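Written below as structure tokens is the structure these notes are about.
The values are calculated or read from the model by the stated rules, or taken from the named source; none is laboratory data. Being a predicted model, the structure only gives us computed values, none of them experimental. Glycine gets a Cβ as well: all are built from the backbone with ideal geometry, and neighbour counts include every protein chain shown. Protein only, heavy atoms only, side chains kept; ligands, DNA and RNA dropped before computing areas. Shrake-Rupley method; radii C 1.70, N 1.55, O 1.52, S 1.80 Å.
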Amino acid sequence: MKVMLIVFFDNEGLVHWEFVPNGQTVNSSFYIEVLKRLRDSIRRKRQRKWENGWFLHHDNAPCHSSFAVRQFLTDKKISTIPQPPYSPDIAPCDFWLFPNLKLGLKGERFATIEDIKVNATANLRAIPIEGYQRCFQQLQSRWSKCVCAEGRYFEGD
């Protein structure tokens with residue numbers, strides 16, 4: 001059983017998450033709909049950021065970097081933080097969130113997709129705000145290493 005989870009967070013914690021419907025391809029059209037729901041979540045949960053501006057950082061997946069998505073982000077005045085093409089993994093979901101989430105589910109057996117979703121959501125909600133803050137400190141460190149490498153490829157932390 002496989003379940004795909006899309007998560008957006010900041011240094012204050014979760015902002016928006018959703019499970020991709022079974023059989024749904026994550027293409028640019030689907031991702032734009034997710035981004036619309038993200039905007040609604042930011043408007044409700046992060047009023048100050050909504051009013052003062054916020055930045056989106058996602059990786060270079062084709063659905064994230066498609067013309068349609070870039071056009072949507074431009075139209076909605078959503079600033080993005082670019083993902084360097086030849087860097088070690090600096091997407092916080094990949095280097096921090098999903099490994100931590102998997103650790104909390106490791107060794108468990110689930111009978112249904114719904115059980116997976118319930119347990120994953122519970123583990124996601126259980127992450128303390130301090131964890132998100134440490135994640136963004138790690139991101140700053142990783143980003144500094146990328147800047148120091150001047151765009152050259154390197155491996156590891």
Nearest-20 debye value, the chain charge dipole, Cβ charges on Lys, Arg, Asp, Glu: 420
Distance (nanometres) between label positions extended 7 Å along Cα→Cβ at A111 and D94: 3.7
Where the chain is the region considered: accessible area per residue in Å², 1.4 Å probe: 63
Kyte-Doolittle mean at least -1.0, axial Cα span of 24 Å or more - DSSP H helices of the chain: 28-45, 129-148
222 nm mean residue ellipticity, helices alone, for the chain (DSSP H n ≥ 4; -39,500 (n - 2.57); rounded to 500): -15000 deg cm²/dmol
Structure-derived log10 I(q)/I(0) by the Debye sum over Cα atoms at q = 0.08, 0.14 Å⁻¹ - corresponding label in [x] -0.36, -0.83; [y] -0.25, -0.71; [z] -0.25, -0.81: [z]
Pairs beyond 21 Å (Cα-Cα), from K49/K77; K2/K76; K45/K77: K2/K76
Solvent-accessible area, 1.4 Å probe, carbon plus sulfur percent, for the chain: 52
